[in-house]
Amino acid sequence: MAQSNFERMLALAEEVFDARHDPDQLDVDQTVIKKLQRLHPATLSEYDNGKGPVVWILIIPTTTKIMQQFMDNNINEKKILELTPPKISYDCIYLCSAMVLPEYRGKGIAKKLTIEAIQSVQKTNPIKHLFVWPFSKQGSSLAKSVANLLGINLFEKV
């Protein structure tokens, strides 16, 4: 029997990020999801083609100070979420992940969802910066395109 879209997305996340075996990465579970939702409802986005998710976007609104700590390798990805308090004014967005099933790539869905998520946060927060730790050329391209379209600064961790 063929895998569902949900199962395929989980397999893609494991293949690309392997977060379970990397202590620096955020391993998304129900506890993490609840914490993200306390920061802002737009932290998690998905596109469902009617048969399950085909795109997942995860952003973390945070502060310039926390972004700088991450960019300087003083904290890891998990610490971004841990150190970011809810209900403060955020001026940065961490584009944590953008996953797209292969047959949906290149259609602009991830870009649209990412822009909508960031714009939702911008309604109540002065977002000036987008930062990313890209795992692929496509992830880097997405971040550059989104930052350019929104007119915000982009910082890429290498």
For this session: Only helical DSSP H runs with n ≥ 4 go in: add -39500 (n - 2.57) per run for the chain, normalise by residue count and round the 222 nm mean residue ellipticity to 500 deg cm²/dmol.
Result: -12500 deg cm²/dmol
Seminar exercise, completed: Once the dipole of the chain is set up from charges on Cβ (+1 Lys and Arg, -1 Asp and Glu), the residue from the list VAL146, ASN5, TYR104 lying farthest towards its positive end is VAL146
Exercise. How much net charge surrounds TRP56 when only other residues with a Cβ under 12 Å from its Cβ are counted (Lys, Arg +1; Asp, Glu -1)?
Worked result: -1
Problem set entry | Hz values of 3J(HN,Hα) by residue in the range 103-108 - Karplus curve (6.51, -1.76, 1.60), Gly and Pro given as x | 6, 10, 6, x, 9, x
Problem set entry | Estimated D of the chain in µm² per second, where Rh is the Kirkwood radius over Cα pairs and Stokes-Einstein applies at 10 °C, 1.306 mPa s | 101
Exercise. Straight-line reach from LYS112: which lysines have a Cα under 16 Å away, not including same-chain ones fewer than 8 places off?
Worked result: LYS144
Problem set entry | Dipole magnitude of the chain about its Cα centre (Cβ charges: Lys, Arg +1; Asp, Glu -1), debye to nearest 20 | 560
Exercise. By a straight-distance test (C-alpha under 12 Å), which aspartates and glutamates pair with LYS35 as possible cross-link partners, with residues fewer than eight away in the same chain excluded?
Worked result: GLU82
For this session: Measure up LYS107/LYS137; LYS65/LYS123; LYS51/LYS78; LYS79/LYS111 against 24 Å on the Cα-Cα distance and list the ones that go over.
Result: LYS51/LYS78; LYS79/LYS111
Seminar exercise, completed: Non-local residues with an amide H under 5 Å from the amide H of LYS107, with H modelled 1.01 Å from N and Pro and chain starts lacking one, are none
Problem set entry | Gain upon complete extension [LYS51, LYS157; 0.36 nm per residue less C-alpha separation] | 34.7 nm
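We did not get these values from a lab; they are worked out from the coordinates using the rules stated. Since this is a predicted model, take the numbers as computed values, not measurements. Positions of Cβ are generated from backbone atoms using ideal geometry, with glycine treated the same way; all protein chains shown enter the neighbour counts.
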